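Undergrad: Below you'll find the structure I mean.
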Amino acid sequence: MEALPDKWGDIQPDIVYFCTTGLLVSFAESQIKLGLKYDHKGKHLKAIEKGQVSLRGNVGLVASRNPATI
C-alpha cells in the first residue's frame, strides 16, 4: 500500500492507498477522471485525508448511513 497522493494525476486506478487516519481508499478510473476534471485544487483528496467529521460545521467526510458490503 502507498500513501494517498495529494494530486489526482498521481493516483492509479485500483491501487489501495492509506491515509494518515488509517483509512484505506481505492479509486476506479472513472473516479480519477472526475477528480481531474472537477477537483483541480485536490480539496476532495484533502477531505479524504482529514477523515470523518461531525455532520455539521466541519469539512471532511461523514460516515455513510448505508452499511458497506465487502
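Any read-out appearing in this document is the output of simple, stated calculations on the displayed coordinates, not a laboratory observation. Keep in mind that what you see is a predicted model, and the values were worked out from it rather than measured. Please note: Cβ atoms are built from the backbone with ideal geometry, for glycine as well, and neighbour counts cover all protein chains shown.
Undergrad: Which lysines, if any, have their Cα less than 16 Å from the Cα of LYS50, not counting same-chain residues under 8 positions apart?
TA: LYS7, LYS41
Undergrad: Also, I was wondering about something else. Give me the one-decimal nm value for the distance between modelled label points at ASP10 and ASP39, 7 Å along each residue's Cα-to-Cβ direction.
TA: Spacing of the two 7 Å Cα→Cβ label points: 1.4 nm.
Undergrad: Between ILE32 and GLU2, what is 0.36 nm times their sequence separation minus the Cα-Cα distance? Round to one decimal in nm.
TA: Extra length available between ILE32 and GLU2 comes to 9.2 nm.
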